[in-house]
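Shown next, in structure tokens, is the structure this report addresses.
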Amino acid sequence: MTTKHEPITPPTHLAQIYELLTAAYGHPAWIPDNDPLGGLVGTILSQHTSDLNSGRAYQQLVTLLPTWEAVRDAPPEQVAYAIRSGGLANVKAPRIQEALHTLTRQQQEQEDTHPLGDFLFHELKKRAPEEAWQYLRSIPGVGPKTAACVLMFNMGMPAMPVDTHVHRVSKRLGLIGANVNANQAHEVFARITPPEWVYTLHVHLIRHGRQVCHAQRPACEHCPLFIACAYAGGVSVYEERSLRSH
Ligand code: SF4
């Protein structure tokens, strides 16, 4: 992660990948919804389930308990009942309530009386992305990926969520080292990615991982990134090209 106005010059390899990705998949609009608490709860609900099931669980939760204060104060079994379609309800319900209680304690310390969602929005807004990421991670149940998702999708802040697709594809492409784990990859992307590229890079790497660069049998022969890929065909094309150029 980086401070708000610090410019980043990307490595040549990343710049080439970015160019190829946008040539293949375009420039998606980055439109955050300014609802970090909704995003935080939604991301917790999305753990270990499909988007469809977690979306359903989220809708049932906000229908049954229409404010985050109501979710916080409800009996745990009522929250678990509301989110049951998302799976692991007995794990996720206390996780959500604990996060809400933590934010409430912080809000009370500051004698803030806004709705809890507004409180979190302002806490994040007043921080640089790196600090905002660390702040979210200090909330129980919020890991590096969840924190980055909230910042990127809900706040429009440059933090790169590294899920299984982003991790696998960026390793194959040689954007991160073979031994860099997903948590470390957040930090690597923060150092090398211009803030305005983060969203596009994230959504395109996921799309590419789902559609082309599958975990088993990546479709290298149809891949628009082939010429820049370190893994393509099991041969390090990128490394070979580097060697030839020296
Ligand atoms: S060339 Fe193959 S390994 Fe490299 S990104 Fe494309 S599909 Fe993945």
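Summary of values
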quantity	calculated
Two-decimal Rg/Rh across the chain, once Rg and the Kirkwood Rh are taken from alpha-carbon atoms	1.02
Cα long-axis angle, helix 89-109 against the chain (0 to 90 degrees, to the nearest 10)	70
Rounded Å value of the spacing that divides the Cα centres of the range 32-87 and the range 126-177	21
Highest-first arrangement of 30-41, 145-156, 56-67, where packing means the average Cβ count within 10 Å	145-156, 30-41, 56-67
Carbon and sulfur %, accessible surface of the range 140-180 computed with the full protein complex present, 1.4 Å	55
If the convex hull is drawn through the Cα atoms of the range 36-155, its volume per residue in Å³	89
Rounded to the nearest 10 Å², the accessible area of E131 at probe 1.4 Å	100
Rounded accessible area per residue of the range 35-134, 1.4 Å, Å²	50
Note, ³J(HN,Hα) from phi for the range 125-133, Karplus 6.51, -1.76, 1.60, rounded to Hz, x at Gly and Pro	4, 7, 10, 5, x, 4, 5, 4, 5
Along each principal axis, Cα extent of the range 149-201, largest first, Å	31, 19, 16
Accessible heavy-atom area order of D51, D118, highest first, probe of 1.4 Å	D51, D118
Length-normalised contact order for the chain - Cα pairs under 8 Å, 6+ apart - percent	26
Using alpha-carbon coordinates, inclination of helix 36-45 to the longest axis of the chain, degrees	80
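The values are calculated or read from the model by the stated rules, or taken from the named source; none is laboratory data. Please read these numbers as outputs of a predicted model, since none were measured by experiment. Using ideal geometry, Cβ is built from the backbone for each residue, glycine included, and neighbour counts are taken over all protein chains shown. Side chains are part of the model used for accessible areas, which takes the heavy atoms of the whole protein and leaves out ligands, DNA and RNA. Shrake-Rupley method; radii C 1.70, N 1.55, O 1.52, S 1.80 Å.
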